[in-house]
Amino acid sequence: MSHDHSLNPETMPQDPEKATLEGKNKFMGLWFFLGGEAVLFASLFGTYLALRNSTADGPASDEIFGLGLVFVMTMLLLTSSLTSVYAMYHMKNNDYSKMVLWLGITALLGVGFLACEIYEFAHYITEYGFTFRSSAFGSAFYTLVGFHGGHVLFGLCWVISLLIRNAKRGLNLYNAPKFNTFSLYWHFIDVIWVFIFTVVYLMGKVG
Amino acid sequence: MSVTATQKRSVGAVLWDYLTTIDHKKIAHLYLIGGGFFFILGGLEAVIIRIQLIKPENDFISAGFYNEMITMHGTTMIFLAAMPILLGLMNAIMPLQIGARDVSFPFLNSLGFWLFMFGGLLLNCSWFLGGAPDAGWTSYASLAIDSPGHGVDFYVAGLQIAGAGTLMGGINFLATIVNMRAPGMTYMRMPLFAWATFITSVLILFAFPALTVNLFLLMFDRMFGSAFFDVALGGNTIIWQHLFWIFGHPEVYILILPLFGLFSDVFSTFSKKRLFGYTAMVFATMLIAFLGFMVWAHHMFTVGLGPVANSIFAIATMAIAVPTGIKIFNWLATMWGGSITINSAMLWALGFIPSFTIGGMTGVMLGSAVADYQYHDTYFVIAHFHYVIVGGTVFGIFCGLHYWWPVMFGRILHEGMGKLTFWTFFIGFHMTFFIQHFLGLMGMPRRYWVFLEDQGLDLGNLISTIGAFFMSFAVIVFIINIFYTAAKGERPSPDPYDGRTLEWATASSPPPHYNFAQLPLTRGLDPLWIEKMEGNGKMTPAEPLGDIHMPNGSILPFLMSLGFFIAGFGFIYQVDHSAWYLALYGGMAFALGCMVVRSFKDDHGHHIPKEELEREAD
């Protein structure tokens, strides 16, 4: 499978991301990895739920959270998941330039999300003196949301690296699985955010 | 590319080969060497503990040093000895058993090993840098956040790095078994050891992230001023216990399930019979794994979770005895009426059944929440978990090493020394730990540095320590056996035990680095045995002889792990001086840089041409 002609066939197969054994391995490996990630976030959610009222006379969740910004962040991230679906659609149709375009949009939306999150954290710290060290609630909040933000950052580095590395060559059976695994990872990040939106922000505001 | 065993190579070339190898068989060697080293280290720590307890009010070591000893003995044995040796056996054997040429992610496989090794080394550096961790292997937060010095920091950083490596190993084995089984090797034709590897990997995958999070929480509290376990700021130390045991209970099944698989293969081979109740064995393993996630709170009966929670977890705990009992009876039924060969591998398997059953029975006793208030934190618990971990895991490791030594190293271990190892270890093991049940029932608490005279504990502790010397003797004999075998051992045929499964169907012993020139066609359970019974004697190939695609070696896994190792020191010492941030960021940047290199440099692997395979076959 290492010869270029086998990785660059005349006509691309139906699912280029799963056409090689390496592709199948990557696909399967990433799904298992996401299973582990689910436990990682479940542990963080559990910790957060146990400590979310332990404010130690510091700011409580309903005093600081603003749903407006969180709504914008949610829309940015959900849309970026949709755009990565478009990218994968074009990958399966072997339309490299459109795939790159939609992945670029995905990355931009991700950057927007991350910028909002940094603004949000800075706002809490400067406005309310609500920090990682101010209470058990603060530690749990920044750890859970920060782990998610860290995953977004990692995903951005990932997709940007992919786009740079493959800028001068088209789609082939070697890089198609790489784009596809990124897309799967990105959806996972999105799903975690839905839970954060519900458990942290909605329950923090009205729960 | 391929180097035959007869060619002599320089030490440097061999070293470079092992530093860069991504061959699952060589990574298995590395795991066995690394795990074996830590096994000896953990064993020495155990002997020191037992010498301290040989007589009342002994002052062989100080109280603080004793705490470090018990912490490091437990941590080393579980994370750095038992698991890596198991990962080594899985690496060596599982791909062969399913008829694969390598694992799904050879690069990750190597990275997993080096992360384990550097994590273990980081943890043990603490001995020379102001003291080892001393909060127990469970490192309960209420104790750990106030532990002075950097001992617990080394625990956090070392286990975080080693744990990441283990997680990679688990994902790799899962993908391998799903994607790389040879033609005809359906799931329900896999040998039990391959099944156990699969199910153990599921446990690793779903258990280790809980430990990862827990270690992060402790790290943030100790190094970055967060308040997860700081009660004054609303923290809660019980969170540590929950997350630790949500990881920790599946962990004990990670330690035993691979050996359940291994014993199944051994009983079947040396009884010359198909495994009794194969399907039941597979599903019992799954059931044990599933229930393993449902019982963590039985380690916390005395915390005060309330009678409802305690009852639920007590019932779930006792339920595990059912699938385990199924396994015990199926092993006995496999031997029933079989033509049994008793050699050193089989002796370990035979010794395992009564030893492990005793451990299981005390497990059911401990599972009774009410009675547990009496047993909790006494030597009864120590006796229980050593009966399952030594009587199960260590017996299994010795069994597997004796059984698969020919596959892994192309030599057969000396039988006489093998039997001497077994008998001295078996007697020493029961001497050490059986009496501890009674010490515990008489009220001797665990983790105490000394005990007082004339409380009925003197003789029991003396016997227990003498048993530990027997076990040490056995391990020394085993090490002599390894060196003797390496120098003068008999070179067996690829199938010395008249085996039933594919690891015995390779062309040579040890197998060539591509495992099978042509992938074998599996026609049922115990594929090699089927071919033998039909008079073929060897596997039918499933493909014509052709070029073989193999991955390339790489030094990057070693370098990445080195980066994390350096960053680990940075994390630990940045609280003392901010210059250490240099190590933290430098190490991280180096590791990430290696990842970028890995991502940007295409690696298509290489081909072994058909002609070379034909030449080697001659």
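Counting the residues of the range B:169-190 that are in a helix (DSSP H, G or I), more than 8 Å from chain A (Cβ to nearest Cβ), more than 23 Å from B:PRO557 (Cα to Cα) and in contact with a Phe, Trp or Tyr (Cβ under 9 Å, 6 or more places away or on another chain) gives 2. Residues in the range A:126-137 that are in a helix (DSSP H, G or I) and within 14 Å of chain B (Cβ to nearest Cβ) were compared, and the one that is surrounded by the fewest Cβ atoms within 10 Å (Cβ to Cβ) is A:PHE137. Checking the structure you have, find out if any residue of the range B:210-227 is surrounded by fewer than 24 Cβ atoms within 10 Å (Cβ to Cβ), within 7 Å of another protein chain (Cβ to nearest Cβ), in contact with a Lys or Arg (Cβ under 7 Å, 6 or more places away or on another chain) and part of a loop (DSSP other than H, G, I, E, B). Checking the range B:210-227: at least one residue is surrounded by fewer than 24 Cβ atoms within 10 Å (Cβ to Cβ), within 7 Å of another protein chain (Cβ to nearest Cβ), in contact with a Lys or Arg (Cβ under 7 Å, 6 or more places away or on another chain) and part of a loop (DSSP other than H, G, I, E, B). Residue check: is B:GLY163 within 12 Å of chain A (Cβ to nearest Cβ), part of a helix (DSSP H, G or I) and closer than 20 Å to B:PHE208 by Cα? Yes, satisfied.
Could you please give the count of residues in the range A:152-193 that are assigned to a helix (DSSP H, G or I) and touching a residue at least 24 places away in the same chain (Cβ under 8 Å)?
Summing the residues that are assigned to a helix (DSSP H, G or I) and touching a residue at least 24 places away in the same chain (Cβ under 8 Å) in the range A:152-193 gives 26.
The test for being in contact with a His (Cβ under 9 Å, 6 or more places away or on another chain), surrounded by fewer than 24 Cβ atoms within 10 Å (Cβ to Cβ) and touching a residue at least 60 places away in the same chain (Cβ under 8 Å) does not hold for B:ALA92.
Table: residues versus (1) in contact (Cβ under 8 Å) with a residue 60 or more places away in the chain; (2) at positive phi; (3) touching a strand residue (DSSP E or B) at 6+ places or on another chain (Cβ under 9 Å); (4) surrounded by fewer than 23 Cβ atoms within 10 Å (Cβ to Cβ).
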| site | (1), (2), (3), (4) |
| --- | --- |
| B:PRO258 | yes, no, no, no |
| B:GLY261 | yes, no, no, no |
| B:SER264 | yes, no, no, no |
| B:TYR278 | yes, no, no, yes |
| B:THR285 | yes, no, no, no |
| B:PHE301 | yes, no, no, no |
| B:PHE313 | no, no, no, yes |
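Within the set A:PHE41, A:PHE32, the sole residue that is without any contact (Cβ under 8 Å) to a residue 24 or more places away in the chain and part of a helix (DSSP H, G or I) turns out to be A:PHE32. Is it the case, given these coordinates, that A:VAL111 is surrounded by fewer than 18 Cβ atoms within 10 Å (Cβ to Cβ), away from chain B (no Cβ under 14 Å) and touching a Leu at 6+ places or on another chain (Cβ under 8 Å)? Considered against the rule, which asks whether it is surrounded by fewer than 18 Cβ atoms within 10 Å (Cβ to Cβ), away from chain B (no Cβ under 14 Å) and touching a Leu at 6+ places or on another chain (Cβ under 8 Å), A:VAL111 comes out as yes. Evaluating B:ALA542 against the criteria (1) in contact with a helix residue (DSSP H, G or I) (Cβ under 9 Å, 6 or more places away or on another chain); (2) under 29 Å from A:PRO177 (Cβ atoms) leaves one unmet condition, (1).
Does B:ASP458 fit the bill of being over 30 Å from B:LYS538 (Cα atoms), surrounded by fewer than 17 Cβ atoms within 10 Å (Cβ to Cβ) and touching a residue at least 40 places away in the same chain (Cβ under 8 Å)? Taking the combined requirement at face value, the residue satisfies it. Among the residues of the range B:439-492, just one is of a type in the set (Phe, Trp, Tyr), over 24 Å from B:TYR373 (Cβ atoms) and out of contact with any helix residue (DSSP H, G or I) (no Cβ under 8 Å at 6 or more places or on another chain), namely B:PHE483. Among residues of the range B:558-583 that are in contact (Cβ under 8 Å) with a residue 40 or more places away in the chain, those with a Cβ under 7 angstrom from a residue that is not in a helix (DSSP H, G or I), sequence gap 6+ or separate chain, pair up as B:ILE572/B:HIS150.
Every read-out reported here was derived from the displayed coordinates using simple, explicitly stated rules and does not represent laboratory data. These numbers come from a predicted model, not from an experiment. Positions of Cβ are backbone-derived with ideal geometry, glycine not excepted, and every protein chain shown enters the neighbour counts.
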